[in-house]
Amino acid sequence: MALRIIQITDLHLLEAGRLLMGLDVEKRFRSVLADARALEPDAYFLTGDFCAHEPQAGVYDRLKNLLGDLGVPVCITAGNHDSREMLRHAFDLGGAAQDPIYYHRQIGGRSFLFLDTSMGIVDDAQLDWLSDRLAAYPESEIVMHHPPVQLGIPFMDGKYPLRGTERLHEILTADGVTRRIFCGHYHSVRVVTHRNLQVYLCPPTSFFIDARAEEFLLRERNPAYHYLEWTDDGDFRCANIVVAA
(Lines give C-alpha, C1' and ligand atoms only; values in the text may rest on other atoms or scores of the structure.)
Protein backbone atom coordinates (compact mmCIF):
# COMPACT_ATOMS: atom_id res chain seq x y z
CA MET A 1 0.00 0.00 0.00
CA ALA A 2 1.03 3.60 -0.56
CA LEU A 3 2.69 5.39 2.36
CA ARG A 4 1.37 8.85 3.22
CA ILE A 5 3.16 11.15 5.67
CA ILE A 6 2.41 14.70 6.78
CA GLN A 7 5.35 16.99 7.60
CA ILE A 8 4.64 20.05 9.76
CA THR A 9 7.34 22.46 10.86
CA ASP A 10 8.21 25.73 12.62
CA LEU A 11 5.09 26.29 14.72
CA HIS A 12 6.70 29.01 16.90
CA LEU A 13 3.95 28.80 19.51
CA LEU A 14 3.56 31.25 22.38
CA GLU A 15 1.42 31.35 25.51
CA ALA A 16 -2.28 30.96 24.75
CA GLY A 17 -3.76 34.12 23.23
CA ARG A 18 -0.47 35.84 22.35
CA LEU A 19 0.39 36.91 18.80
CA LEU A 20 3.77 36.60 17.08
CA MET A 21 4.51 39.58 14.84
CA GLY A 22 0.78 40.08 14.49
CA LEU A 23 0.09 36.44 13.63
CA ASP A 24 -2.10 34.05 15.58
CA VAL A 25 0.38 31.19 15.25
CA GLU A 26 -1.71 28.76 17.26
CA LYS A 27 -4.73 29.33 15.02
CA ARG A 28 -2.52 28.81 11.97
CA PHE A 29 -1.23 25.52 13.37
CA ARG A 30 -4.74 24.36 14.25
CA SER A 31 -5.85 25.06 10.67
CA VAL A 32 -2.97 23.03 9.26
CA LEU A 33 -3.55 20.13 11.63
CA ALA A 34 -7.29 19.99 10.84
CA ASP A 35 -6.58 20.01 7.10
CA ALA A 36 -3.88 17.35 7.41
CA ARG A 37 -5.98 15.03 9.56
CA ALA A 38 -8.60 14.87 6.81
CA LEU A 39 -5.99 13.21 4.56
CA GLU A 40 -5.70 10.28 7.01
CA PRO A 41 -1.90 9.94 6.83
CA ASP A 42 0.07 6.97 8.10
CA ALA A 43 2.35 9.17 10.22
CA TYR A 44 3.22 12.75 11.09
CA PHE A 45 6.70 14.27 11.10
CA LEU A 46 7.01 17.43 13.24
CA THR A 47 10.39 18.95 12.47
CA GLY A 48 11.06 21.41 15.24
CA ASP A 49 10.85 24.98 16.51
CA PHE A 50 7.71 24.36 18.50
CA CYS A 51 8.38 27.43 20.69
CA ALA A 52 8.61 30.99 19.38
CA HIS A 53 11.43 32.25 21.59
CA GLU A 54 12.81 30.54 24.69
CA PRO A 55 11.47 27.02 25.27
CA GLN A 56 8.53 26.84 27.66
CA ALA A 57 7.20 23.65 29.23
CA GLY A 58 3.65 24.99 29.00
CA VAL A 59 3.94 25.33 25.22
CA TYR A 60 4.96 21.68 24.84
CA ASP A 61 2.14 20.54 27.11
CA ARG A 62 -0.37 22.56 25.10
CA LEU A 63 1.05 21.21 21.85
CA LYS A 64 0.58 17.66 23.09
CA ASN A 65 -3.05 18.48 23.87
CA LEU A 66 -3.52 20.08 20.44
CA LEU A 67 -2.20 16.96 18.76
CA GLY A 68 -4.54 14.79 20.80
CA ASP A 69 -4.76 11.15 19.78
CA LEU A 70 -3.91 11.08 16.08
CA GLY A 71 -3.93 7.27 16.03
CA VAL A 72 -0.72 7.02 13.98
CA PRO A 73 2.99 7.55 14.77
CA VAL A 74 4.08 11.14 15.49
CA CYS A 75 7.83 11.52 14.98
CA ILE A 76 9.47 14.61 16.46
CA THR A 77 12.77 16.34 15.81
CA ALA A 78 14.09 19.26 17.86
CA GLY A 79 14.73 22.71 16.39
CA ASN A 80 16.97 25.53 17.56
CA HIS A 81 14.12 27.07 19.61
CA ASP A 82 13.48 23.82 21.47
CA SER A 83 14.54 22.17 24.71
CA ARG A 84 15.49 18.52 24.47
CA GLU A 85 14.59 17.98 28.11
CA MET A 86 11.15 19.58 27.78
CA LEU A 87 10.41 17.64 24.60
CA ARG A 88 11.38 14.39 26.30
CA HIS A 89 9.14 15.13 29.27
CA ALA A 90 6.11 16.20 27.21
CA PHE A 91 6.26 13.41 24.62
CA ASP A 92 7.73 10.58 26.70
CA LEU A 93 10.84 10.35 24.55
CA GLY A 94 13.70 8.16 25.73
CA GLY A 95 17.23 9.19 26.60
CA ALA A 96 18.92 11.47 29.11
CA ALA A 97 17.64 15.03 29.54
CA GLN A 98 20.05 17.01 27.37
CA ASP A 99 21.24 14.25 25.03
CA PRO A 100 20.48 14.73 21.32
CA ILE A 101 17.18 13.21 20.19
CA TYR A 102 17.96 10.95 17.23
CA TYR A 103 16.50 7.63 16.23
CA HIS A 104 15.55 5.16 13.47
CA ARG A 105 11.95 4.35 12.54
CA GLN A 106 10.46 1.88 10.08
CA ILE A 107 7.11 3.15 8.79
CA GLY A 108 5.14 1.39 6.11
CA GLY A 109 8.17 -0.64 5.09
CA ARG A 110 10.37 2.44 4.64
CA SER A 111 13.35 3.46 6.76
CA PHE A 112 13.64 6.97 8.26
CA LEU A 113 16.56 8.41 10.22
CA PHE A 114 15.78 11.39 12.47
CA LEU A 115 18.62 13.73 13.45
CA ASP A 116 18.89 16.40 16.14
CA THR A 117 20.29 19.72 14.86
CA SER A 118 18.91 21.84 17.70
CA MET A 119 22.40 23.07 18.63
CA GLY A 120 23.09 24.11 15.04
CA ILE A 121 25.40 21.14 14.44
CA VAL A 122 25.27 17.36 14.12
CA ASP A 123 27.59 16.07 16.84
CA ASP A 124 30.13 13.28 16.34
CA ALA A 125 28.09 10.64 18.16
CA GLN A 126 25.16 11.25 15.81
CA LEU A 127 27.45 11.19 12.79
CA ASP A 128 28.92 7.83 13.86
CA TRP A 129 25.39 6.49 14.29
CA LEU A 130 24.26 7.94 10.94
CA SER A 131 27.18 6.32 9.15
CA ASP A 132 26.36 2.93 10.67
CA ARG A 133 22.63 3.24 9.94
CA LEU A 134 23.17 4.23 6.30
CA ALA A 135 25.56 1.32 5.83
CA ALA A 136 22.82 -1.02 7.08
CA TYR A 137 19.86 0.85 5.53
CA PRO A 138 21.20 2.79 2.52
CA GLU A 139 17.71 3.62 1.22
CA SER A 140 16.82 5.53 4.38
CA GLU A 141 15.20 8.95 4.14
CA ILE A 142 16.62 11.65 6.46
CA VAL A 143 14.51 13.94 8.66
CA MET A 144 16.06 16.97 10.41
CA HIS A 145 15.29 20.56 11.37
CA HIS A 146 18.12 22.40 9.58
CA PRO A 147 18.81 21.88 5.88
CA PRO A 148 22.16 20.14 5.44
CA VAL A 149 23.12 22.36 2.48
CA GLN A 150 22.59 26.00 1.55
CA LEU A 151 19.31 26.59 -0.23
CA GLY A 152 19.86 29.95 -1.90
CA ILE A 153 17.86 31.87 0.71
CA PRO A 154 20.34 34.64 1.57
CA PHE A 155 19.20 35.61 5.07
CA MET A 156 19.05 32.06 6.43
CA ASP A 157 22.09 30.79 4.50
CA GLY A 158 24.11 33.68 5.90
CA LYS A 159 22.83 33.97 9.46
CA TYR A 160 21.46 30.60 10.60
CA PRO A 161 22.85 27.68 8.56
CA LEU A 162 23.79 24.28 9.92
CA ARG A 163 27.45 24.51 10.96
CA GLY A 164 30.33 22.08 10.59
CA THR A 165 28.75 20.06 7.82
CA GLU A 166 31.87 18.61 6.17
CA ARG A 167 31.65 15.13 7.68
CA LEU A 168 27.86 15.11 7.43
CA HIS A 169 28.11 15.81 3.68
CA GLU A 170 30.70 13.05 3.31
CA ILE A 171 28.45 10.50 5.02
CA LEU A 172 25.37 11.51 3.05
CA THR A 173 27.04 11.55 -0.35
CA ALA A 174 29.85 8.97 -0.22
CA ASP A 175 27.79 6.01 -1.48
CA GLY A 176 26.09 8.00 -4.27
CA VAL A 177 22.64 6.69 -3.29
CA THR A 178 19.87 9.13 -4.18
CA ARG A 179 18.74 10.34 -0.77
CA ARG A 180 15.79 12.52 0.25
CA ILE A 181 16.09 14.91 3.18
CA PHE A 182 13.05 16.51 4.79
CA CYS A 183 13.72 19.66 6.79
CA GLY A 184 12.37 23.03 7.95
CA HIS A 185 14.00 26.01 9.71
CA TYR A 186 14.21 28.35 6.69
CA HIS A 187 10.60 29.63 6.78
CA SER A 188 10.09 29.20 3.07
CA VAL A 189 9.47 26.36 0.64
CA ARG A 190 11.60 24.85 -2.12
CA VAL A 191 13.34 21.73 -3.39
CA VAL A 192 17.11 21.77 -3.89
CA THR A 193 19.30 19.06 -5.43
CA HIS A 194 22.91 18.78 -4.27
CA ARG A 195 24.90 15.89 -5.72
CA ASN A 196 22.87 12.78 -4.75
CA LEU A 197 20.77 14.68 -2.19
CA GLN A 198 17.22 15.90 -2.77
CA VAL A 199 16.42 18.43 -0.05
CA TYR A 200 12.73 19.18 0.57
CA LEU A 201 12.18 22.37 2.56
CA CYS A 202 8.80 22.26 4.30
CA PRO A 203 6.86 25.52 4.63
CA PRO A 204 6.08 26.74 8.17
CA THR A 205 2.77 26.96 9.91
CA SER A 206 3.91 30.24 11.52
CA PHE A 207 5.58 33.05 9.54
CA PHE A 208 7.27 33.16 6.13
CA ILE A 209 10.34 35.19 5.24
CA ASP A 210 11.24 36.74 1.91
CA ALA A 211 13.42 34.09 0.26
CA ARG A 212 15.23 36.74 -1.82
CA ALA A 213 16.07 39.27 0.90
CA GLU A 214 19.52 39.67 2.46
CA GLU A 215 17.95 40.75 5.78
CA PHE A 216 14.97 39.51 7.75
CA LEU A 217 11.78 40.44 5.91
CA LEU A 218 8.35 38.92 6.47
CA ARG A 219 6.18 37.76 3.58
CA GLU A 220 2.42 37.46 3.93
CA ARG A 221 1.58 33.82 3.28
CA ASN A 222 -1.04 31.39 4.51
CA PRO A 223 0.20 28.50 6.68
CA ALA A 224 1.20 25.35 4.81
CA TYR A 225 2.62 21.85 5.18
CA HIS A 226 3.98 18.97 3.12
CA TYR A 227 2.09 15.86 2.08
CA LEU A 228 4.60 13.12 1.27
CA GLU A 229 3.56 10.00 -0.62
CA TRP A 230 5.41 6.86 -1.68
CA THR A 231 3.26 4.96 -4.20
CA ASP A 232 2.91 1.24 -4.74
CA ASP A 233 4.71 1.70 -8.09
CA GLY A 234 7.79 3.17 -6.41
CA ASP A 235 7.10 6.83 -7.23
CA PHE A 236 7.57 9.61 -4.71
CA ARG A 237 5.35 12.71 -4.55
CA CYS A 238 5.64 15.84 -2.45
CA ALA A 239 2.69 18.25 -2.35
CA ASN A 240 2.91 21.71 -0.79
CA ILE A 241 -0.53 22.25 0.74
CA VAL A 242 -1.64 25.75 1.68
CA VAL A 243 -4.58 26.26 4.03
CA ALA A 244 -6.71 29.18 5.16
CA ALA A 245 -5.11 31.09 8.03
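The values are calculated or read from the model by the stated rules, or taken from the named source; none is laboratory data. Predicted model only: the values in this text are computed from it and were never measured. All Cβ positions, even for glycine, are placed from backbone atoms using ideal geometry, and neighbour counts span all protein chains on display. When the accessible area is computed, the model is the full protein with side chains, heavy atoms only, and any ligands, DNA or RNA have been set aside. Shrake-Rupley method; radii C 1.70, N 1.55, O 1.52, S 1.80 Å.
Remarks
- Accessible surface computed residue by residue for the range 69-214, with neighbouring protein chains in place and a 1.4 Å probe, gives 42 Å² per residue.
- Mean Cβ neighbour count within 10 Å, used as a protection proxy, ranking 7-15, 132-140 highest first: 7-15, 132-140
- Peptide ranges 109-117, 206-214 listed from the most packed, as the mean C-beta count within 10 angstrom indicates: 109-117, 206-214
- Its alpha carbons give the range 134-206 an Rg and a Dmax of 12.2, 37 Å.
- Whole-number percent relative contact order across the range 106-146, with pairs defined as alpha carbons under 8 Å at least 6 apart: 60
- Projected label points at Arg37 and Ala244, each 7 Å from Cα along the beta carbon direction, are separated by 1.7 nanometres.
- Length-normalised contact order for the chain - Cα pairs under 8 Å, 6+ apart - percent: 22
- Among Arg84, Arg18, Arg30, residue whose mean-square fluctuation peaks in a GNM of the chain (springs only between Cα atoms under 10 Å): Arg18
- For the pair the range 78-151 and the range 197-212, the centres of their Cα atoms are 19 angstrom apart.
- Per-residue [θ]222 nm for the chain (sum of -39500 (n - 2.57) over DSSP H runs n ≥ 4, rounded to 500): -7000 deg cm²/dmol
- Remark on His194: its backbone amide H falls under 5 Å from those of Val199, a criterion applied only to residues 5 or more positions apart or on other chains, H modelled at 1.01 Å from N.
- Under 5 Å between amide hydrogens, built in the peptide plane, is the criterion, and for His145 it picks out Thr117 among residues at least 5 positions away or on other chains.
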